[in-house]
Amino acid sequence: MRVATDVSHPLFARLAAFMASREDEVDRDHRRETLAGLRGRVIEIGSGSGPNFPHYPPEVTELVSVEPEANLRAKATEAAGAGSTPITVIDAIAERLPFEDASFDAAVAVLVLCSVPDQPAALAELHRVVKPGGELRFYEHVIGSSKRLATVQRAMAPALAKVFGGCRADRDTGTAIEAAGFKLESYRRFLSRTLTDAPAAPRILGIARRV
């Protein structure tokens, strides 16, 4: 199953894979928290090199991993064979998912909704492919609640997006999730305390329900 994507960020792909390999226990805890309790057939968009794969619970019967960047997709395919969860890695984009309506029990977006070119379209597609009552699990960079930090994020976003594969840490992703037809069920906002994460320190992590 393939949709032509023509997405290529080789330098960012190397950086993203390196950063994923150097994550500490706090980062891994955030991934585990995001995925805890999932079950059934799950779709994950923007899987990167597959850092989430080891943290899916055994109740997940099938994981479909969507990764449009060729270098990251190759690493994800390699990582997919290392665990017990059945994982299929495909070449597609979040804004155009090659699946039927209501074909997944849940969807996962981890540090990707900040970088998709068209966030509303990506969220609309997730809403379409998730069954009514199904979940969207998310852990994302977001705009800060502090006016000063938000101003800095907006000022730096265009330059950082060129370096970090289109990532814009100045998006109000929580509001966008609700606008797409999901109901925020439980979530928390926090600041990453790692200096290298600034100005992408504000995060949101939680569960939304497809209504």
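The values are calculated or read from the model by the stated rules, or taken from the named source; none is laboratory data. Model, not experiment: these values are computed from the prediction. Backbone-built Cβ (ideal geometry, glycine too); neighbour counts: all protein chains shown. These area figures cover heavy atoms from the full protein model, side chains too; ligands, DNA and RNA do not enter into them. Shrake-Rupley method; radii C 1.70, N 1.55, O 1.52, S 1.80 Å.
Being assigned to a helix (DSSP H, G or I), at pLDDT 95 or above, under 17 Å from the mean Cα position of the chain (by Cα) and closer than 22 Å to Arg32 by Cα: is that true of Ala109 here? I'd like the intermediate steps shown before the answer.
Working: assigned to a helix (DSSP H, G or I): no; at pLDDT 95 or above: yes; under 17 Å from the mean Cα position of the chain (by Cα): yes; closer than 22 Å to Arg32 by Cα: yes.
So Ala109 does not fit the description; no.
Whether any residue in the stretch 128-148 is part of a helix (DSSP H, G or I), open to solvent by 20 Å² or more (accessible area, probe 1.4 Å) and in contact (Cβ under 8 Å) with a residue 40 or more places away in the chain is what I want to check. Give the steps one after another, and end with the answer.
Filtering the stretch 128-148 down to residues part of a helix (DSSP H, G or I) leaves 128-129, 147-148.
Pick out the ones that are also open to solvent by 20 Å² or more (accessible area, probe 1.4 Å) and you get 128, 147-148.
Next cut, in contact (Cβ under 8 Å) with a residue 40 or more places away in the chain only: none.
There is no residue in the stretch 128-148 that is part of a helix (DSSP H, G or I), open to solvent by 20 Å² or more (accessible area, probe 1.4 Å) and in contact (Cβ under 8 Å) with a residue 40 or more places away in the chain.
On the basis of being part of a strand (DSSP E or B), among the aliphatic types (A, V, I, L, M) and more than 14 Å from the chain's Cα centre (by Cα), does Val89 make the cut? Yes.
On inspection, Ala180 does not qualify as more than 18 Å from Leu35 (Cα to Cα), small (Gly, Ala, Ser) and modelled with pLDDT under 95. Residue count for the stretch 156-167, restricted to those that are among the hydrophobic types (A, V, I, L, M, F, W, C) and open to solvent by 60 Å² or more (accessible area, probe 1.4 Å): 4.
If we scan the stretch 190-201, do we find a residue that is surrounded by fewer than 16 Cβ atoms within 10 Å (Cβ to Cβ), touching a strand residue (DSSP E or B) at 6+ places or on another chain (Cβ under 9 Å), in a helix (DSSP H, G or I) and of a type outside the set (Gly, Ala, Ser)? Yes; the residues of the stretch 190-201 include at least one that is surrounded by fewer than 16 Cβ atoms within 10 Å (Cβ to Cβ), touching a strand residue (DSSP E or B) at 6+ places or on another chain (Cβ under 9 Å), in a helix (DSSP H, G or I) and of a type outside the set (Gly, Ala, Ser).
Yes or no: the stretch 64-86 includes at least one residue that is in a helix (DSSP H, G or I), open to solvent by 20 Å² or more (accessible area, probe 1.4 Å), β-branched (Val, Ile, Thr) and at pLDDT 95 or above. So far as the stretch 64-86 goes, yes, one or more of its residues are in a helix (DSSP H, G or I), open to solvent by 20 Å² or more (accessible area, probe 1.4 Å), β-branched (Val, Ile, Thr) and at pLDDT 95 or above.
The set of residues from the stretch 47-63 being among the small types (Gly, Ala, Ser) and either over 24 Å from Ile93 (Cβ atoms) or open to solvent by 10 Å² or more (accessible area, probe 1.4 Å) (or both) comprises Gly48, Ser49.
Listed here are the residues, each with its yes/no results for (1) of a type in the set (D, E, K, R); (2) over 29 Å from Pro57 (Cα atoms).
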{"residue": "Ser103", "(1), (2)": "no, no"}
{"residue": "Ser115", "(1), (2)": "no, no"}
{"residue": "Asp118", "(1), (2)": "yes, yes"}
{"residue": "Ala155", "(1), (2)": "no, yes"}
{"residue": "Leu160", "(1), (2)": "no, yes"}
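Looking only at residues of the stretch 93-105 that are surrounded by fewer than 23 Cβ atoms within 10 Å (Cβ to Cβ) and of a type in the set (Gly, Ala, Ser), we find that the one that is farthest from Gly174 (Cα to Cα) is Ser103.
For the structure I just gave you, tell me whether Asp170 is crowded, with 17+ Cβ neighbours inside 10 Å and more than 18 Å from Ile43 (Cβ to Cβ). If you could, list the steps in order and put the result at the bottom.
On the way: crowded, with 17+ Cβ neighbours inside 10 Å: yes; more than 18 Å from Ile43 (Cβ to Cβ): yes.
In short, yes.
Going through the stretch 117-127 one residue at a time, which ones are open to solvent by 10 Å² or more (accessible area, probe 1.4 Å) and either among the small types (Gly, Ala, Ser) or at pLDDT below 95 (or both)? Listed by number, the residues that qualify are Pro117, Ala121, Ala124.
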